[in-house]
Amino acid sequence: MLASAGNVLAAPETYVVAVEDMRFSPATLNVKRGDRIVWINKDLFPHTVTADNRAFDSGSLAANASWSYVTGRAGTYPYGCSFHPTMHGSLTVR
Ligand SMILES: [Cu+2]
């Protein structure tokens, strides 16, 4: 007997978020647990990727550097850049 679709875990996927022109692009991501997110700093100065609740924090990310995070617990995680309070993103893990 075949397992029902609900019992089959989809393979982890990788998403890329550009950090460019003082923005996260895309600013909103909806992913599943176990997916990997890679942020790439395309600006010429450092940024951070820091969850408001500190669930994740890249630390200072230099120009052209990237940082990846494998999602854990389900939830919605607003995040931003510690250096630039106008920068905001949101990661939802289902
Ligand atoms: Cu920044």
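Among the numbered conditions (1) touching a Leu at 6+ places or on another chain (Cβ under 7 Å); (2) touching a residue at least 60 places away in the same chain (Cβ under 8 Å), the only one that V93 does not meet is (1).
Return yes or no: is V93 modelled with pLDDT of 95 or more, away from the ligand (no atom under 16 Å from the Cβ), surrounded by fewer than 14 Cβ atoms within 10 Å (Cβ to Cβ) and of a type outside the set (K, R)? No; evaluated as a whole, the condition is false for this residue.
Hey, any hits in the range 41-52 for a residue that's within 18 Å of T92 (Cα to Cα), free of Cβ contacts under 8 Å to residues at least 24 places away in the same chain and among the acidic types (D, E)? No; the residues of the range 41-52 include none that is within 18 Å of T92 (Cα to Cα), free of Cβ contacts under 8 Å to residues at least 24 places away in the same chain and among the acidic types (D, E).
Looking at the range 82-89, can you tell me whether even one residue there is exposed (fewer than 15 other Cβ atoms within 10 Å of the Cβ) and hydroxyl-bearing (S, T, Y)? Yes: the range 82-89 contains one or more residues that are exposed (fewer than 15 other Cβ atoms within 10 Å of the Cβ) and hydroxyl-bearing (S, T, Y).
For the subset of the range 46-58 comprising residues that are surrounded by 11 or more Cβ atoms within 10 Å (Cβ to Cβ) and in a loop (DSSP other than H, G, I, E, B), which member is farthest from the ligand (Cβ to nearest atom)?
Ranking the candidates gives A55 first.
Looking only at residues of the range 70-90 that are closer than 11 Å to A55 by Cα and outside any loop (DSSP other than H, G, I, E, B), we find that the one that is farthest from the ligand (Cβ to nearest atom) is G75. Looking only at residues in the range 59-69 that are in contact (Cβ under 8 Å) with a residue 12 or more places away in the chain and within 13 Å of the ligand (Cβ to nearest atom), the one that is most open to solvent (accessible area, probe 1.4 Å) is S60.
Only residues that are within 16 Å of the ligand (Cβ to nearest atom), of a type in the set (D, E, K, R) and surrounded by 15 or more Cβ atoms within 10 Å (Cβ to Cβ) were counted across the range 14-40, and they come to 1.
For the range 16-43, a tally of residues being in a strand (DSSP E or B), of a type in the set (D, E, K, R) and touching a strand residue (DSSP E or B) at 6+ places or on another chain (Cβ under 7 Å) returns 1.
The values are calculated or read from the model by the stated rules, or taken from the named source; none is laboratory data. Quick caveat: nothing in here was measured; it's all calculated off a predicted structure. Positions of Cβ are generated from backbone atoms using ideal geometry, with glycine treated the same way; all protein chains shown enter the neighbour counts. Only protein heavy atoms, including side chains, enter the accessible area calculation; ligands, DNA and RNA are left aside. Shrake-Rupley method; radii C 1.70, N 1.55, O 1.52, S 1.80 Å.
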